[in-house]
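As structure tokens, the structure follows; a few thoughts come after it.
The values are calculated or read from the model by the stated rules, or taken from the named source; none is laboratory data. These numbers come from a predicted model, not from an experiment. Cβ sites come from the backbone with ideal geometry, for glycine too, and all protein chains shown count toward neighbours.
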């Protein structure tokens with residue numbers, strides 16, 4: 001690649017301050033939303049997402065906090081008519097800079113749109129606003145004996161709309177699929193400010209082109225999701241995890257193959273490599289063997305009987321060749337284990353204070369190469385590297401650890417990430433399984449798709465957003481030339 | 001609706017015979033595919049689909065039968081450069097006229113593209129050509145202990161590519177989802193004749209806009225699917241059906257609610273209403289009670305143990321209020337039951353020699369209204385009407401029976417279908433859950449979507465097919481004005 005790596009910190013360098021534009025914009029938004037629906041200027045909390053550890057922070061003219069979809073549509077209509085960029089924002093937990101306003105405009109925060117419009121537990125369905133927190137949705141379903149399987153990290157902070165905008169996954173996507181698999185209907189605002197509704201409380205619909213799936217994962221660049229109908233399923237009676245440690249990634253990946261080869265329909269199949277284990281092992285609920293250099297976590301769910309049967313089989317299959325097996329059965333110990341797993345990302349960050357963490361996907365038979373390749377790429381760039389993630393889905397959180405205060409490390413990590421994308425594509429995989437393209441992976445899709453497919457991506461963007469105002473600079477198929 | 005009903009038979013009225021164009025087209029195709037890859041003119045078998053019972057039959061200049069995706073791309077490239085319409089064709093089992101060449105051009109039959117490129121049973125995945133028959137795929141998976149759940153009717157004839165092009169469902173979509181839920185990657189030819197590949201043997205991918213989902217269900221109007229990567233799952237050890245008869249649709253629909261309300265995760269939940277039972281009851285494996293006016297079929301699958309447990313619960317829940325319950329346990333009797341269910345459509349057609357059969361979807365709590373509304377609409381148009389289908393998915397095969405030799409009946413049935421679409425939309429549903437829009441439902445989407453969504457549908461078509469040559473006249477969002 002002949003292009004130079006742009007320092008992320010330069011994004012905010014063009015800060016024009018609270019210019020006349022900003023004042024005008026805030027005033028207009030107030031006429032739509034009332035003064036308590038607008039935060040003039042760009043309050044700090046709305047200018048970054050989880051990429052902040054990579055120094056990515058933007059600038060906004062104002063933050064709009066609508067409480068109803070109609071108001072949100074009016075905000076978009078005004079912005080679209082006045083050439084003002086629009087950056088939708090959920091919980092701000094993204095890892096790709098998707099919610100970061102790169103150079104002004106209006107951030108639309110969805111957090112005040114958090115109504116549950118309808119919940120029909122007896123029909124296994126719910127309609128709710130995009131601003132509902134993922135964890136709230138999951139709890140609500142559980143209280144009625146139902147289950148919303150997608151479980152991306154940061155569930156207390158992240159919102160349904162953000163999950164939809166990135167088509168978020170999580171450990172249990174292995175059995176249950178990603179967020180989009182559970183969305184049966186969407187309400188969205190599209191340019192120049194129209195509310196549309198596609199699908200509904202419907203389990204099938206092949207009438208029009210699949211605008212729903214097109215909006216899902218589009219990272220706010222085609223429209224802003226305001227509400228969704230979701231399908232739910234009866235909650236499994238039990239979910240029993242099994243963790244197993246191995247002496248090497250090779251042995252661990254062989255165990256992954258054994259799970260599939262034995263036809264074990266586990267709900268989740270997670271891993272941590274040696275570096276990720278180093279960063280997190282002290283917090284693991286039980287002592288780990290000294291030689292542990294790889295860990296798998298499988299989850300056996302179903303009826304009490306079914307989960308117990310599968311659990312026993314998983315213990316046997318994962319136990320073969322393992323250094324140790326930990327298979328907690330009581331609710332508290334199980335919750336403790338998953339809390340530990342959820343903390344992996346933070347544990348890794350804590351090692352050196354910062355990280356560049358990606359989310360490549362590879363075919364399952366290339367998993368070992370991707371895990372080993374991540375470490376090797378780090379070595380070439382003189383950075384400690386590790387990975388963890390969703391082994392069963394071939395989805396790695398490949399991570400390069402940086403000390404943000406050390407000059408050049410972020411830049412080296414960015415170069416390493418470029419090599420990582422090349423590796424993913426060389427292995428027949430994808431540059432993103434969960435986080436999306438956002439801003440930080442701009443241009444990387446050129447490695448993955450043929451020019452004809454890139455052209456279609458760009459033409460679709462033009463159809464939905466002829467002025468290029470919806471989350472500008474994000475999810476670009478090609479490296480920006482201007 | 002102020003528009004008049006077009007007689008379907010008029011479609012073929014402009015037959016220009018084997019004109020110079022046809023000869024030229026056939027010659028050019030032969031230079032690409034060889035003489036055995038081209039059928040000059042339009043052999044009868046390629047001019048109609050399952051809508052033939054509604055008198056829909058078209059005209060083609062030639063039929064191309066490529067054996068490789070590259071050749072198919074070359075055919076498309078030549079046609080696109082010479083403004084020749086292109087009509088892809090799978091097994092020809094569609095109910096919407098989607099594979100019917102309306103007015104000349106080249107029919108591309110996929111049946112010679114039937115290779116299994118790669119099958120990795122130990123990794124639960126397969127890549128195969130679009131022309132593989134659905135039943136072959138399902139058998140192939142089964143032989144390795146795996147399961148491809150989508151089970152649309154006519155599985156011996158229908159092809160994977162057609163299933164993808166219509167996002168086909170079937171009884172077991174209730175638990176397992178429709179075809180698209182199993183497609184992880186697509187190879188397709190897009191205009192003006194480029195092969196693209198999106199996704200792969202990947203269980204997650206959020207890199208680009210979801211071109212894969214956009215192509216799925218697009219009925220050959222955005223591109224031609226040539227091959228697909230599918231994910232599979234371990235086959236359930238057992239699947240035990242339960243059928244129950246009720247005195248009325250109301251009681252039957254109450255039983256559907258009970259299945260969901262009791263949290264029974266059945267794999268399929270089918271129904272036949274009174275009229276569908278009349279047409280099929282003589283062939284049912286056991287005698288049915290005289291007062292039976294509604295039947296439900298549920299399927300309990302899973303491990304031996306799990307299926308047996310669920311089976312017992314389903315018998316209890318469906319049995320409450322039923323006139324009779326039939327729950328076969330041996331493989332032969334189970335196969336006989338599903339064969340009978342598969343024959344429902346033919347049995348209904350046999351009543352009067354023809355039918356207009358649609359596939360509306362409604363929210364589950366409106367199922368009874370849709371079932372009763374179908375009969376009522378028939379009555380208003382002096383046509384016997386009935387429905388059967390996928391109760392759990394709220395997906396009805398609402399059908400108006402016609403004697404094709406009686407003048408005016410087809411036209412009355414078409415008018416009835418228009419009212420049916422209006423009913424589906426009034427109930428918050430969709431005009432199509434399985435068959436797609438094809439030609440016969442052209443314009444019906446106007447009832448369902450807001451103008452802004454219709455505009456997006458049309459603009460997407462323009463992006464993929466600027467010359468309007470890919471399956472022209474099909475899946476139109478709006479009623480054609482020319």
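Does residue A:112 qualify as being in contact (Cβ under 8 Å) with a residue 60 or more places away in the chain and under 25 Å from the mean Cα position of the chain (by Cα)? Against the criterion (in contact (Cβ under 8 Å) with a residue 60 or more places away in the chain and under 25 Å from the mean Cα position of the chain (by Cα)), residue A:112 qualifies.
Of the residues making up the range A:253-307, just one is part of a loop (DSSP other than H, G, I, E, B), surrounded by fewer than 17 Cβ atoms within 10 Å (Cβ to Cβ) and within 10 Å of chain B (Cβ to nearest Cβ), namely A:262. Residue under question is residue B:164, and the condition is that it be facing chain A (nearest Cβ under 9 Å), under 18 Å from the mean Cα position of the chain (by Cα), closer than 25 Å to residue B:464 by Cα and touching a residue at least 40 places away in the same chain (Cβ under 8 Å); does it hold? Spelling it out, it is not the case that residue B:164 is facing chain A (nearest Cβ under 9 Å), under 18 Å from the mean Cα position of the chain (by Cα), closer than 25 Å to residue B:464 by Cα and touching a residue at least 40 places away in the same chain (Cβ under 8 Å).
Exactly one residue out of B:270, B:251 is within 24 Å of the chain's Cα centre (by Cα), touching a residue at least 24 places away in the same chain (Cβ under 8 Å) and not assigned by TED's automatic domain parsing to the domain that holds residue B:136: that is B:270.
Suppose we keep only residues that are within 14 Å of another protein chain (Cβ to nearest Cβ) and not in a helix (DSSP H, G or I) within the range B:122-140. Which one would you say is surrounded by the fewest Cβ atoms within 10 Å (Cβ to Cβ)? Only one residue fits best here, namely B:127.
If you go through the range B:308-334 and pick out every residue that is under 16 Å from residue B:262 (Cα atoms), touching a residue at least 24 places away in the same chain (Cβ under 8 Å) and more than 14 Å from chain A (Cβ to nearest Cβ), you end up with 5. Inclusion of residue B:77 among residues that are modelled with pLDDT of 95 or more and more than 24 Å from the chain's Cα centre (by Cα) is warranted. Would you confirm whether any residue within the range A:52-61 is crowded, with 24+ Cβ neighbours inside 10 Å and over 23 Å from residue A:217 (Cβ atoms)? Yes.
When residues in the range A:174-230 are screened for being assigned to a loop (DSSP other than H, G, I, E, B), under 16 Å from the mean Cα position of the chain (by Cα) and either facing another protein chain (nearest Cβ under 7 Å) or surrounded by fewer than 24 Cβ atoms within 10 Å (Cβ to Cβ) (or both), 5 of them pass. Condition first: within 14 Å of chain B (Cβ to nearest Cβ) and part of a strand (DSSP E or B). Can you find one or more residues in the range A:36-48 that meet it? Checked the range A:36-48: no residue is within 14 Å of chain B (Cβ to nearest Cβ) and part of a strand (DSSP E or B). Taken together, the residues in the range B:141-150 that are within 14 Å of chain A (Cβ to nearest Cβ) and part of a loop (DSSP other than H, G, I, E, B) amount to 4. Checked against the criterion of being at pLDDT below 95, part of a helix (DSSP H, G or I) and in contact with a strand residue (DSSP E or B) (Cβ under 7 Å, 6 or more places away or on another chain), the range B:50-65 has at least one qualifying residue.
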